[in-house]
């Protein structure tokens, strides 16, 4: 068989020409694929597979299931930029601190006087400046089940109200908690109907985001983890087993 036969037509083509033609084909194919698949701020969506073909920008922080989107509630929840909201926990030698970061909005309240127990106007910290002085967050709990624009809207109104910082009842954790609870949907705020069981056992409704005494960053982190495990619903039915002396 001669080298000029169709089976060997690439044999005499210079390697550089072959590579250029291959790259052109790949680029054209990629462009056509991009036109066919809808693109959001965070990547391409495959309409046939019904999956995002890009990795979630926040990885496993929101969910270990990287194919799940807005907690499987595309009507009630929204993920505008694929970054979503995170509770940040900071630690220093003298105090712990909590803040909320939500698609570029950073909510970090401190007492302007530096006193944790006195009532004083809230001072809002910039993330870059705060982390430059005190270091990065030691823990991030991210979630994609609240609307980021609702958080931004709440924060705008809250700042305009000139809030006062007070350690026992309006500290950094209380402020972060309010940012979350103010952004919950009606479905997430709905109280469940707890089933009836035989005495002395009973189910009780538990508010997963309610402070237990003086709020703290560690307590808030544990509550947000429970809230995420409950599909971001605020209330949960817990089985109550009273002590033997109370049965």
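The values are calculated or read from the model by the stated rules, or taken from the named source; none is laboratory data. As the structure is a prediction and not an experimental result, all values here were calculated from the model. Backbone-built Cβ (ideal geometry, glycine too); neighbour counts: all protein chains shown.
If we scan the range 149-156, do we find a residue that is crowded, with 16+ Cβ neighbours inside 10 Å, within 22 Å of the chain's Cα centre (by Cα), in contact (Cβ under 8 Å) with a residue 40 or more places away in the chain and within 17 Å of residue 227 (Cβ to Cβ)?
Within the range 149-156, one or more residues are crowded, with 16+ Cβ neighbours inside 10 Å, within 22 Å of the chain's Cα centre (by Cα), in contact (Cβ under 8 Å) with a residue 40 or more places away in the chain and within 17 Å of residue 227 (Cβ to Cβ).
Within the set of pairs 6+ apart or on separate chains, which have a first residue in the range 79-90 that is at positive phi and crowded, with 20+ Cβ neighbours inside 10 Å, a second that is assigned to a strand (DSSP E or B) and modelled with pLDDT of 55 or more, and C-beta atoms under 8 Å apart?
84/102; 84/142; 84/143
Per-residue answers, yes or no, for (1) exposed (fewer than 14 other Cβ atoms within 10 Å of the Cβ); (2) touching a strand residue (DSSP E or B) at 6+ places or on another chain (Cβ under 6 Å); (3) part of a strand (DSSP E or B):
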{"site": "141", "(1), (2), (3)": "no, yes, yes"}
{"site": "179", "(1), (2), (3)": "no, yes, no"}
{"site": "193", "(1), (2), (3)": "yes, no, no"}
{"site": "203", "(1), (2), (3)": "no, yes, yes"}
{"site": "214", "(1), (2), (3)": "yes, no, no"}
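Would you check if residue 95 is over 26 Å from residue 230 (Cα atoms) and in contact with a helix residue (DSSP H, G or I) (Cβ under 8 Å, 6 or more places away or on another chain)?
no
I'd like to check something: does the range 68-78 contain any residue that is touching a helix residue (DSSP H, G or I) at 6+ places or on another chain (Cβ under 6 Å) and at pLDDT below 80? Can you show your working first?
Taking the range 68-78 first, the residues touching a helix residue (DSSP H, G or I) at 6+ places or on another chain (Cβ under 6 Å) are 76-77.
Remaining after also requiring at pLDDT below 80: 76-77.
The answer is yes; a qualifying residue exists.
Enumerate the pairs (first residue in the range 125-142 and in contact (Cβ under 8 Å) with a residue 40 or more places away in the chain; second residue anywhere and assigned to a loop (DSSP other than H, G, I, E, B) and loosely packed, with under 14 Cβ neighbours inside 10 Å) with beta-carbon separation below 8 Å, excluding pairs fewer than 6 apart on the same chain, so at least 6 apart or on different chains.
Once the first residue is in contact (Cβ under 8 Å) with a residue 40 or more places away in the chain and sits in the range 125-142, its partners that are assigned to a loop (DSSP other than H, G, I, E, B) and loosely packed, with under 14 Cβ neighbours inside 10 Å give 134/92; 135/92.
Does the range 99-118 hold any residues that are in a loop (DSSP other than H, G, I, E, B) and surrounded by 14 or more Cβ atoms within 10 Å (Cβ to Cβ), and which are they? Walk me through how you get there before you give the answer.
If we filter the range 99-118 for residues that are in a loop (DSSP other than H, G, I, E, B), which is where we start, we get 103-104, 108, 112-118.
Once the filter is applied, which keeps residues that are in a loop (DSSP other than H, G, I, E, B) and surrounded by 14 or more Cβ atoms within 10 Å (Cβ to Cβ), the range 99-118 yields 103, 108, 116.
For the range 119-139, what are the residues that are part of a strand (DSSP E or B) and at pLDDT 90 or above? Reasoning before the result, please.
Going residue by residue through the range 119-139, those that are part of a strand (DSSP E or B) are 120-124, 139.
121, 122, 123, 124, 139 - these are the residues of the range 119-139 that are part of a strand (DSSP E or B) and at pLDDT 90 or above.
For residue 183, work out the one condition from (1) under 18 Å from residue 84 (Cβ atoms); (2) loosely packed, with under 15 Cβ neighbours inside 10 Å; (3) modelled with pLDDT of 90 or more it doesn't fulfil.
(2)
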